[in-house]
Amino acid sequence: MPEGRVVYAVNWLDSVPEQAALSMERVRRAGFEAYVHPTPRNLNEAEVIGILPNTVGVIAGSHRFTAKALGTTNKLRAISRHGAGFESIDLDYCTEHGIVVTNAFGVNAGAVAEFTLALILAVVRDIPGAADVLRSGNWADRGNASPGTTLGRTLGIIGFGAIGQALAGQARGLGMKIIYTDIRRIPEAEAAYNATFVTREELLKQADVVSLHVALNPNTHHMIDEAQFRLMKRTAVLVNTSRGGVVNEDALYRAIRDGVIAGGALDVYESEPPATDSPLFTLKRGFIGTPHVAGVSSDAKVAMLDAATTNLLDVLQGRRPPKVTNPAVYERHPELGAGSRA
């Protein structure tokens, strides 16, 4: 008999069938049942509760694992995020009750950075506006279709972790000057990417493009709000591929509408999916929105699923995975085991 079931709550699993089959075979060989839950979107609390009976591990997206949901089971041992974020999981509850939370931090950094760079190019050069001119048949107006400047300017990166550094490497190839801010200086990264550390206020004042790569927590919620937009150049643009709550979307709308900044691009939103009547979507120029897809290229999906599976099996087989989101769980519950990885 299986030792319990592992639930796959991954909304893109069908797009990588070979890797999904390999992952499930690994789970079965380890003695667990592999169950795929149909997950067309982030699951709500009631739906999360529904997947937990007899479940020892979950490979999950950004579903909300609340204390109420987690309190309905005493069998769950691991939540393995296939991405880097963890703000949707009650880490305190997990730590207290011996549930190890893992993530695939850094695995899709290159994919997110590439997509961020694509958004930067699209919003700076107003590529959607140029496409609209062509579709309208107004060829004569093509000289005014893409008024943006070239990218040989200053890129300000807020959050200089794996994704921020990957973006810096790509942007340098386009001749951009790199400035960054983080909770601490990172001298080795400064040397590698010829990047200059500045304060957040200095970055907002100096950058022609501001790109956000931070986790969402009480310190970063609405990090970019009305006052921050007013520090930026009128010709600057803001791009966010980190977490939606980092930017006050109403303030972004007003900043673009009123010409406080030149434009913005979001791949993430405070509420996902965002409301279809969001004021941002009424802007005819200066805004690009995409549906939280920066990190899910085909290659990235394969790598994320492999990492999430490895992390999950490490926990279930008594090994400590390399990316533990709540490391205090091992101090609180030494019986979990923290042996070396096989």
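Here are some conditions: (1) over 16 Å from the mean Cα position of the chain (by Cα); (2) open to solvent by less than 50 Å² (accessible area, probe 1.4 Å); (3) not polar (S, T, N, Q). R257 meets all but one. Which one does it not meet?
Exception for R257: condition (2).
Are there any pairs, at least 6 apart or on different chains, whose C-beta atoms fall under 6 Å, with the first in segment 115-126 and surrounded by fewer than 23 Cβ atoms within 10 Å (Cβ to Cβ) and the second of a type in the set (V, I, T), and if so, which?
A122/I288
Taking the residues in segment 220-242 that are in a loop (DSSP other than H, G, I, E, B) and within 18 Å of I288 (Cβ to Cβ) as candidates, determine which candidate is farthest from the chain's Cα centre (by Cα).
First pass over segment 220-242, keeping only residues in a loop (DSSP other than H, G, I, E, B): 220-223, 225, 232-236, 241-242.
Right, trim to within 18 Å of I288 (Cβ to Cβ) and you get 232, 235-236, 241-242.
On the way: M232: 24, T235: 26, A236: 23, T241: 6, S242: 5 Å.
In this case the residue turns out to be T235.
Could you pull out the residue among V315, V329, V293, V302 that is hydrophobic (A, V, I, L, M, F, W, C), open to solvent by 30 Å² or more (accessible area, probe 1.4 Å), part of a helix (DSSP H, G or I) and under 30 Å from M24 (Cβ atoms)?
V302
Would segment 272-289 turn up any residue that is of a type in the set (D, E, K, R) and without any contact (Cβ under 8 Å) to a residue 12 or more places away in the chain?
Taking segment 272-289 as the starting set, the residues that turn out to be of a type in the set (D, E, K, R) are 272, 277, 284-285.
With the extra rule that they be without any contact (Cβ under 8 Å) to a residue 12 or more places away in the chain, the set shrinks to 277, 284.
There is at least one residue in segment 272-289 that is of a type in the set (D, E, K, R) and without any contact (Cβ under 8 Å) to a residue 12 or more places away in the chain.
Of the residues that sit in segment 260-272 and are part of a loop (DSSP other than H, G, I, E, B) and over 17 Å from the mean Cα position of the chain (by Cα), which one is surrounded by the fewest Cβ atoms within 10 Å (Cβ to Cβ)?
V260
On the given criteria, is L231 touching a residue at least 60 places away in the same chain (Cβ under 8 Å), more than 14 Å from T181 (Cα to Cα) and not β-branched (V, I, T)?
No; evaluated as a whole, the condition is false for this residue.
Looking at segment 1-52, which of the residues that are surrounded by fewer than 16 Cβ atoms within 10 Å (Cβ to Cβ) and basic (K, R) is nearest to G71 (Cα to Cα)?
The qualifying residue nearest to G71 (Cα to Cα) is R41.
Within segment 237-253, does at least one residue satisfy the condition of being open to solvent by less than 30 Å² (accessible area, probe 1.4 Å), touching a residue at least 40 places away in the same chain (Cβ under 8 Å) and polar (S, T, N, Q)?
The answer is yes; a qualifying residue exists.
Residues in segment 120-142 that are within 16 Å of R153 (Cα to Cα) and not in a helix (DSSP H, G or I): how many?
Looking only at that region, the number is 1.
Yes/no per residue for (1) in contact with a Cys (Cβ under 9 Å, 6 or more places away or on another chain); (2) without any contact (Cβ under 8 Å) to a residue 40 or more places away in the chain:
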residue	(1), (2)
V36	no, yes
T39	no, yes
I49	no, yes
G57	no, no
T66	no, yes
A69	no, yes
N74	no, yes
D90	no, yes
V101	yes, no
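Taking the stated definitions as given, is A275 touching an Asp or Glu at 6+ places or on another chain (Cβ under 6 Å), part of a loop (DSSP other than H, G, I, E, B) and farther than 20 Å from T95 by Cα? Step through it out loud before you land on a result.
Values: touching an Asp or Glu at 6+ places or on another chain (Cβ under 6 Å): no; part of a loop (DSSP other than H, G, I, E, B): yes; farther than 20 Å from T95 by Cα: yes.
No.
Kindly provide the set of residues from segment 73-123 that are of a type in the set (F, W, Y) and within 20 Å of G244 (Cα to Cα), ordered by number.
F86, F105, F115
Just to be sure before I move on: is T55 open to solvent by less than 10 Å² (accessible area, probe 1.4 Å) and of a type in the set (S, T, N, Q) in the structure I sent?
For T55, the condition - open to solvent by less than 10 Å² (accessible area, probe 1.4 Å) and of a type in the set (S, T, N, Q) - is met.
Would you say A192 is open to solvent by less than 50 Å² (accessible area, probe 1.4 Å), at pLDDT 95 or above and either in a loop (DSSP other than H, G, I, E, B) or not acidic (D, E) (or both)?
no
Would you say T282 is buried (at least 17 other Cβ atoms within 10 Å of the Cβ), over 25 Å from Q165 (Cα atoms) and polar (S, T, N, Q)?
no
The values are calculated or read from the model by the stated rules, or taken from the named source; none is laboratory data. As the structure is a prediction and not an experimental result, all values here were calculated from the model. Note: ideal-geometry Cβ built from the backbone for every residue, glycine included; neighbour counts use all protein chains shown. Accessible surface is based on the protein model in full, side chains and every heavy atom, while ligands, DNA and RNA are left aside. Shrake-Rupley method; radii C 1.70, N 1.55, O 1.52, S 1.80 Å.
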